[in-house]
Amino acid sequence: MLKTLKQHIAEARDNHVAIGHFNISDLSALKAIFGAAKDLGVPVIIGVSEGERDFIGVKRAVALVRNLREEYDYPIFINADHTYSFEKIKEAVAAGFDSVIFDGAKLPFEENVRQTKKVVQYVKSKVRGSKSEVLVEGELGYIGSSSKLLDVIPEGAVTSGEALTKPEEAKRFVAETGVHLLAPAVGNLHGMLKNAPNPRLNIPRIKAISEAVKIPLVLHGGSGISDNDFMEAAQNGTSIIHINTEIRIAWREALESALNNNKDEIAPYKILAAAEGAVKAATLSRLKLFSGLQ
């Protein structure tokens with residue numbers, strides 16, 4: 001019998017490694033990410049944001065991932081990434097997601113607590129007595145909201161200094177909301193800067209938050225972060241790492257190359273094979289690092 005997502009996350013935390021979380025918009029990316037995880041024998045989480053869910057279909061996204069899990073008896077899970085409303089949370093829970101993220105990072109602290117607690121209570125009420133548990137992740141600290149190439153750091157995004165998530169606030173947030181997972185602002189940033197490296201992670205802050213909250217941490221905005229920072233983050237309590245922009249870039253560049261080099265090809269599955277291969281290569285590299293396999 002397969003372990004649950006909660007069990008895999010707990011194991012990752014105990015072993016000071018992290019589970020890779022990769023977003024998809026199409027079947028080629030899903031095949032690539034699953035193939036990479038299966039080649040390495042590590043669990044993997046597929047993420048779909050509100051926009052990605054609208055494009056793929058909420059129930060269809062769950063069905064695709066569940067089909068792979070059941071057909072191959074493999075630990076692949078699906079997460080409702082960056083969900084901003086209670087209605088969208090309800091929709092994701094009803095569709096059968098393994099986990100949901102309520103993103104109240106832009107809200108004032110008290111309002112973030114209030115709305116996140118409401119989400120946790122609702123999710124627990126819907127799954128009480130069932131065989132499966134839906135995990136709820138909360139966010140504390142705004143780091144931007146789009147996985148794309150950036151000219152500058154988005155207005156209001158917190159990447160350094162006193163504005164980073166504070167351990168004492170994180171402890172209170174977790175205690176009052178009851179979330180299973182916490183995504184803090186620790187120097188990370190959604191998207192990748194075009195002409196400069198992304199900010200460095202504040203590893204001491206990650207360690208302090210982890211010790212304060214005593215639940216697994218999630219690192220959003222992983223694209224563009226240095227390998228060393230990833231490893232130190234996993235060593236200090238980060239159990240899930242999100243990657244999106246990097247694989248979007250790999251997908252697009254490979255697709256553009258395939259189109260330019262095969263101008264007479266019109267079969268989508270043949271053209272998309274290049275994008276699938278590029279995403280798989282990028283995913284393999286990240287999963288090896290996160291899992292401590294290189």
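Just subtract the alpha-carbon distance of Tyr269 and Glu110 from 0.36 nm times their residue separation and send over the number in nm, one decimal. If you can, show how the numbers build up before the last one.
On the way: separation 159, 0.36 × 159 = 57.24 nm, distance 4.88 nm.
Contour length minus Cα-Cα distance gives 52.4 nm.
Springs between alpha-carbon atoms under 10 Å, Gaussian network over the chain: tell me which of Ala170, Ala267, Ala63 tops the mean-square fluctuations.
Ala267
Per DSSP H run of n ≥ 4, the term is -39500 (n - 2.57); total these for the chain, divide by its residue number, and report the mean residue ellipticity at 222 nm rounded to 500 deg cm²/dmol. Please list the in-between numbers first.
On the way: 11 runs with 146 residues, N = 294.
The per-residue figure over the chain is -16000 deg cm²/dmol.
Which one of Phe86, Gly51, Ser25 has its Cα pushed farthest toward the positive end of the charge dipole of region 1-132, where Lys and Arg give +1 and Asp and Glu give -1 at the Cβ?
Of Phe86, Gly51, Ser25, it is Phe86.
Take the cross-link list Lys3/Lys214; Lys38/Lys90; Lys6/Lys90; Lys90/Lys207; Lys31/Lys207 and give me the ones stretching past 27 Å between alpha-carbons. Don't skip to the end; give the middle numbers.
Values: Lys3/Lys214 21 Å; Lys38/Lys90 31 Å; Lys6/Lys90 20 Å; Lys90/Lys207 33 Å; Lys31/Lys207 34 Å.
Going by Cα-Cα distance, Lys38/Lys90; Lys90/Lys207; Lys31/Lys207 fall outside the 27 Å limit.
Work out how much length Ser226 to Met1 would gain on full extension: take 0.36 nm times their residue separation and subtract the Cα-Cα distance, in nm to one decimal. Show your work: numbers first, answer last.
Values: separation 225, 0.36 × 225 = 81.00 nm, distance 3.60 nm.
That works out to 77.4 nm of additional length.
For the chain, just run the numbers: alpha carbon Rg, then divide by 2.2 N^0.38 Å, N being how many residues it has. Write out the running numbers ahead of the final one.
Working: Rg = 18.3 Å, N = 294, 2.2 N^0.38 = 19.1 Å.
For the chain, the normalised Cα radius of gyration is 0.96.
Among bridges DSSP assigns within the chain, what percent are antiparallel (round to 5)?
If we restrict to bridges inside the chain, about 0 percent are antiparallel.
With θ set to phi - 60°, apply the Karplus curve 6.51 cos²θ - 1.76 cosθ + 1.60 along region 66-79 and write out the HN-Hα couplings as whole Hz, x wherever there is a Gly or Pro.
Result, rounded to whole Hz: 4, 4, 5, 4, 7, 5, 9, 6, 10, x, 10, 10, 10, 10.
Treating the beta-carbon of each Lys and Arg as +1 and of each Asp and Glu as -1, no other charges, what is the dipole magnitude of the chain about its Cα centre, to the nearest 20 debye?
Values: 36 positive and 36 negative charges, 135 e Å.
Dipole of the chain, to the nearest 20 debye: 660 debye.
I'd like the orientation of helix 5-14 relative to the chain: the angle between its Cα long axis and the longest Cα principal axis, in ° from 0 to 90, rounded to 10.
Tilt of helix 5-14: around 70 degrees.
Sort 3-10, 227-234 by packing, meaning the average of other beta carbons within 10 Å per residue, with the highest value first. Before the final figure, lay out each step's value.
On the way: 3-10: 17.8, 227-234: 19.2.
Answer by packing, highest mean first, reads 227-234, 3-10.
I'd like the distance separating the alpha-carbon centroids of region 214-259 and region 19-54, in whole Å.
With region 214-259 and region 19-54 each reduced to a Cα centre, they are spaced 12 Å.
We did not get these values from a lab; they are worked out from the coordinates using the rules stated. Note that this is a predicted model, so its numbers are computed, not measured. Please note: Cβ atoms are built from the backbone with ideal geometry, for glycine as well, and neighbour counts cover all protein chains shown.
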